[in-house]
Ligand SMILES: Nc1ncnc2c1ncn2[C@@H]1O[C@H](COP(=O)(O)OP(=O)(O)OP(=O)(O)O)[C@@H](O)[C@H]1O
Ligand SMILES: [Mg+2]
């Protein structure tokens, strides 16, 4: 039974964590563009943060970086919006899961005219609801400076779950 004691399981890579400080909405957009540079079809990006944290602002940068059609806005009246690619890259599917009570089944019922495995899927308010859309996923966790509401600074943590994101630290372009 020696083999069982060969150290931590090599099969399950731990999350990659990068912590960044983002001083303004423009910087948040820039970060979105940088993240877009490492995205590929089939990727799932989950955005976590309170109301007004900057999830949609970051998604705007993702859309710019991916080069997709249509302005990224808060999908207030729809659960998901599809931004088709302008070039040869993947589409961006921007989901607001806030009212997605039933989780994934309901998302499949939306009958989006797009192939999710060929798209980049970005989900706001998706925690506990959409994890099963992809085996691996990138979490972007945005926190506001505690207490000081005038402070525009946000702390952003990138948590990459699964082998897909093992190279994130090295691959993310410099800011
Ligand atoms: N450092 C910053 N990063 C991002 N947004 C910032 C920052 N500082 C100020 N803001 C402002 O905070 C607001 C963020 O709004 P945004 O719609 O992106 O948030 P959200 O997390 O998507 O909110 P919701 O949960 O309502 O969808 C914008 O008005 C933006 O200008
Ligand atoms: Mg939003």
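I'd like to compare 162-175, 112-125: which one has the highest average count of other Cβ atoms within 10 Å, and what's the full order after that?
On the way: 162-175: 13.4, 112-125: 19.5.
Highest-to-lowest ranking by the protection proxy: 112-125, 162-175.
Restricting to the chain, compute how many DSSP beta bridges are antiparallel as a %, nearest 5.
On the way: 20 of 34 bridges.
About 60 percent, rounded to the nearest 5.
Please list log₁₀ I(q)/I(0) at q = 0.26, 0.28, 0.30, 0.32 Å⁻¹ for region 96-138, using the Debye equation with identical point scatterers on the alpha-carbon positions.
Normalising to I(0) and taking log10 leaves -1.08, -1.24, -1.37, -1.46.
Name the most mobile residue of 32, 54, 89, meaning the one with the largest mean-square fluctuation, in a Gaussian network model of the chain with Cα contacts below 10 Å.
In the Gaussian network model the winner is 89.
Once you compute Rg and the Kirkwood Rh from C-alpha atoms, what is the Rg to Rh ratio for region 22-89?
Working: Rg = 11.8 Å, Rh = 12.5 Å.
My calculation of the ratio gives 0.94.
Provide 88, 73, 48 in ascending order of the number of other Cβ atoms located within 10 Å of each residue's Cβ, fewest first. Walk me through the numbers before you get to the answer.
Details: 88 6, 73 11, 48 18.
So the residues, fewest neighbours to most, are 88, 73, 48.
From the helices alone, meaning DSSP H stretches of at least four residues, give me the mean residue ellipticity at 222 nm for the chain, per-run term -39500 (n - 2.57), in deg cm²/dmol to the nearest 500. Kindly include the intermediate steps, with their values, before the conclusion.
On the way: 4 runs with 34 residues, N = 175.
Dividing the helical sum by the residues of the chain leaves -5500 deg cm²/dmol.
Nearest-5 percent of antiparallel DSSP beta bridges in region 61-128? Could you put the intermediate results ahead of the total?
Details: 5 of 11 bridges.
Bridges in region 61-128 that DSSP calls antiparallel: roughly 45 percent.
What does the C-alpha gyration tensor say about the overall shape of region 32-175? Classify as rounded when a/c is under 1.5, otherwise prolate if a/b is larger than b/c, or oblate. List each step's numbers first, then the result.
On the way: a/c = 1.40, a/b = 1.16, b/c = 1.21.
Judged from the Cα gyration tensor, region 32-175 comes out rounded (a/c under 1.5).
With the Cα gyration tensor of region 55-133 in hand, give its eigenvalues times 5 under a square root as the equivalent ellipsoid semi-axes, listed largest first in whole angstrom. List each step's numbers first, then the result.
On the way: eigenvalues 79, 38, 22 Å².
Whole-Å semi-axes of the equivalent ellipsoid: 20, 14, 10.
Based on the alpha-carbon gyration tensor of region 50-96 and its eigenvalue square roots a ≥ b ≥ c, which shape applies: rounded if a/c is under 1.5, prolate if not and a/b is larger than b/c, or oblate? Intermediate values should be presented prior to the final figure.
Details: a/c = 2.75, a/b = 1.59, b/c = 1.73.
It is oblate, given that a/c is not under 1.5 and a/b is not larger than b/c.
Taking the number of other C-beta atoms within 10 Å as the exposure measure, put 74, 21 in order starting with the fewest. Let's see the in-between values first.
Values: 74 13, 21 10.
Lowest to highest Cβ neighbour count: 21, 74.
Values quoted throughout were computed directly from the atomic coordinates according to the rules given, and no laboratory measurement underlies them. All figures in this text were calculated on a predicted structure; none of them were measured in a lab. Cβ atoms come from the backbone with ideal geometry, glycine included; neighbour counts cover every protein chain shown.
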